[in-house]
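For reference, the structure discussed in these notes is given below.
The values are calculated or read from the model by the stated rules, or taken from the named source; none is laboratory data. Computed from a predicted structure; not experimentally measured. Here Cβ is always computed from backbone atoms with ideal geometry, including for glycine, and neighbour counts include all displayed protein chains.
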Amino acid sequence: MSFSELGLRAELLRAVDEQGYTTPTPIQRQAIPVVLEGGDLLASAQTGTGKTAGFTLPLLQRLADGPRPKARQVRALVLAPTRELAAQIGENVSAYSRHLPLTSRVIFGGVGQQPQVDAIRPGLDILIATPGRLLDLQQQRHVDLSKVEILVLDEADRMLDMGFIHDIRKVLRLLPEKRQNLLFSATFSDEIQALADKLLDKPAMIEVARRNTTVEIIDQAIYRVDRERKRELLAHLIQRHGWHQVLVFTRTKHGANRLAEQLSKQDIPAMAIHGNKSQSARTRALGAFKDGSLQVLVATDIAARGLDISELPHVVNFELPNVAEDYVHRIGRTGRAGSTGEAVSLVCVDEHGLLGGIERLIGKTLEKRIEPGYEPDPNAKPEPIENGRRGQGQRRGTSQGRNSGQRSDSGARSQANGNRNEGEQRRRSRSGRRSQRA
Ligand code: AMP
């Protein structure tokens, strides 16, 4: 499936193409038609699924034909819990709307408000805001929300965790009755459900990643092995078990290339797929992998994200991801309908911290194996992970990034939020465990 089949207009297709996206992600495939039709949407999707384009592209299309806003009016309002997420959405909106005559602006607390007031004064097609600053500006009559056509609540669960429910309620009271509502949340607590019930009118429900159920049905195992012997062990496992269609994840593009070359030398047909590869090379590799002629596809997380491949028999984490949620996305590629898939991770001494984070996220301890002949050295010392920056978050908007030094909407809130963020992490891992068992 391509973006053009989703019914997006030429200006948007051009912008998407310029971003280098070729295939819509699952959330985009599902959300774009619903939003284009004007319906409400309740979506369970985490960062990394492509959800931002999933709501932004159709939102822009709906706004493109309508009348321009009048002074201080806003046509689409996107609420986000933090300035970082708001800024990130703002960047997406600017990139996708570059060929359309639509205006947008991001506002958040902690910075001077005058430039924001000036930007809103002529009216805006899209306003992306954190709740606190939005209400500050509204109370001073700098913004008029009475003509909002589309409301998006992004990361609604985090907004509630951060104590924004009262602010959200206040904002809702300022909006017109008739509007389109889109609610995105990674988790579904009773509070989110209550908000959804109040906010949404016969919403389409979309769930991608289904991390809790997927994780349950996948056989997961950890092979403990020395850093330098991972490649050898991988080749051994593939050959000994006769694995075919193995999707292998590496952390870096360079690592993906090197591994594919080394496997090929050992008569295991392998190709790497990542952002530096030409489109034709990617298409070729993917085609061969899907038709079974290519035994191993080595991919980075980013490259794999846009690929329409799932229900694979084997997924291997050659290296654990820096962001625990990526583990769940990766292994979610396996698990055929009706039968279980297998996800294997090769873990060396450097990665024990990452493994702990993953086990906390999925709420279970993974089975550890040692392959005879590949016993790890018990005295090996951990080394820093290449390109690791562990704990700082590799990508913007990941939960690790969020929990490290993120500032929030306004100065007054930021301290409380700092404390809440820790609590949030605990609550999230607890709720992850709860839904896992359910
Ligand atoms: P999000 O989940 O919205 O934070 O998006 C995660 C990342 O995926 C962002 O860096 C996007 O630029 C990228 N992305 C979004 N849609 C696609 C797509 N269809 N193909 C490839 N990358 C995408």
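For the stretch 112-144, the candidate set comprises residues that are touching a strand residue (DSSP E or B) at 6+ places or on another chain (Cβ under 6 Å) and surrounded by fewer than 20 Cβ atoms within 10 Å (Cβ to Cβ); within that set, the residue that is farthest from residue 176 (Cα to Cα) is 119. Scanning the stretch 15-28 for residues that are in a loop (DSSP other than H, G, I, E, B) and either at pLDDT 95 or above or out of contact with any Ser or Thr (no Cβ under 8 Å at 6 or more places or on another chain) (or both), we see that the one that is nearest to the ligand (Cβ to nearest atom) is 21. Taking the numbered list (1) farther than 23 Å from residue 199 by Cα; (2) part of a helix (DSSP H, G or I) in turn, residue 122 passes all entries but (2).
Among the criteria (1) surrounded by fewer than 24 Cβ atoms within 10 Å (Cβ to Cβ); (2) more than 16 Å from the ligand (Cβ to nearest atom), the one residue 76 does not fulfil is (1).
The single residue among 6, 36, 12 that is more than 7 Å from the ligand (Cβ to nearest atom) and surrounded by 22 or more Cβ atoms within 10 Å (Cβ to Cβ) turns out to be 12. Could you tell me whether any residue of the stretch 78-97 is out of contact with any helix residue (DSSP H, G or I) (no Cβ under 6 Å at 6 or more places or on another chain), without any contact (Cβ under 8 Å) to a residue 60 or more places away in the chain and assigned to a loop (DSSP other than H, G, I, E, B)? No, every residue in the stretch 78-97 fails to be out of contact with any helix residue (DSSP H, G or I) (no Cβ under 6 Å at 6 or more places or on another chain), without any contact (Cβ under 8 Å) to a residue 60 or more places away in the chain and assigned to a loop (DSSP other than H, G, I, E, B). Residue 109 satisfies every condition listed in (1) in a loop (DSSP other than H, G, I, E, B); (2) farther than 15 Å from residue 86 by Cα except (2). Between 64, 31, 86, the distinction of being farther than 24 Å from residue 166 by Cα and away from the ligand (no atom under 12 Å from the Cβ) belongs to 64 only. So, in the stretch 125-135, how many residues would count as being in a helix (DSSP H, G or I) and within 17 Å of residue 148 (Cβ to Cβ)? Of the residues in the stretch 125-135, 4 are in a helix (DSSP H, G or I) and within 17 Å of residue 148 (Cβ to Cβ). Screening the stretch 273-287 for residues that are small (Gly, Ala, Ser) and closer than 23 Å to residue 26 by Cβ and picking the one that is nearest to the chain's Cα centre (by Cα) gives 275. Residues of the stretch 36-59 that are touching a Lys or Arg at 6+ places or on another chain (Cβ under 9 Å) and of a type in the set (A, V, I, L, M, F, W, C): 36, 43, 45. Within the stretch 255-265, the set of residues being farther than 20 Å from residue 347 by Cβ and free of Cβ contacts under 8 Å to residues at least 12 places away in the same chain comprises 261, 264, 265. Would you confirm whether any residue within the stretch 259-272 is within 24 Å of residue 53 (Cα to Cα), crowded, with 20+ Cβ neighbours inside 10 Å and in contact with a strand residue (DSSP E or B) (Cβ under 8 Å, 6 or more places away or on another chain)? For the stretch 259-272, residues within 24 Å of residue 53 (Cα to Cα), crowded, with 20+ Cβ neighbours inside 10 Å and in contact with a strand residue (DSSP E or B) (Cβ under 8 Å, 6 or more places away or on another chain): absent. So residue 148 ticks every box in (1) within 26 Å of residue 36 (Cβ to Cβ); (2) part of a helix (DSSP H, G or I) but one. Which box is left unticked? Exception for residue 148: condition (2).
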